[in-house]
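The values are calculated or read from the model by the stated rules, or taken from the named source; none is laboratory data. Just so it is clear, the model here is predicted, and its values are computed rather than measured. Neighbour counts run over all protein chains shown; Cβ positions are idealised from the backbone, glycine included. The accessibility values were calculated without ligands, DNA or RNA, using every heavy atom of the protein model including side chains. Shrake-Rupley method; radii C 1.70, N 1.55, O 1.52, S 1.80 Å.
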Amino acid sequence: MDTIEIHDAKRLGQLIRRTRKQQGLTLATLAGLCGLSVRFLSELENGRDTCTLVRVMAVLDALGIMLVASPPEEDT
């Protein structure tokens, strides 16, 4: 499994679009799988930063993308 660092909404949108296309899904099909609108998915894939985390998490779950966060290392 490849790990991709996500630093902004645009990069997350690119990952979602690439994964959706690799799985052969249309925006309409993915919208049905996660219960969201095609418009929302389009805005998400285009990096619009007004998308809510709850909806983003639903999309990631539908595509099988695991979100992993790493806290900054603490100086000891």
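Quick rundown of the values:
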{"read-out": "Distance between modelled label sites at Arg55 and Ser42, nm, 7 Å Cα→Cβ extension", "value": "1.3 nm"}
{"read-out": "Fraction of accessible area attributable to carbon and sulfur, the chain (%, probe 1.4 Å)", "value": "51 percent"}
{"read-out": "Accessible area per residue in Å² at 1.4 Å probe, computed on the chain", "value": "75 Å²"}
{"read-out": "Exposure rank, largest accessible area first [Met57, Met66; 1.4 Å]", "value": "Met66, Met57"}
{"read-out": "Ratio of the Cα radius of gyration of the chain to 2.2 N^0.38 Å, where N counts its residues", "value": "1.17"}
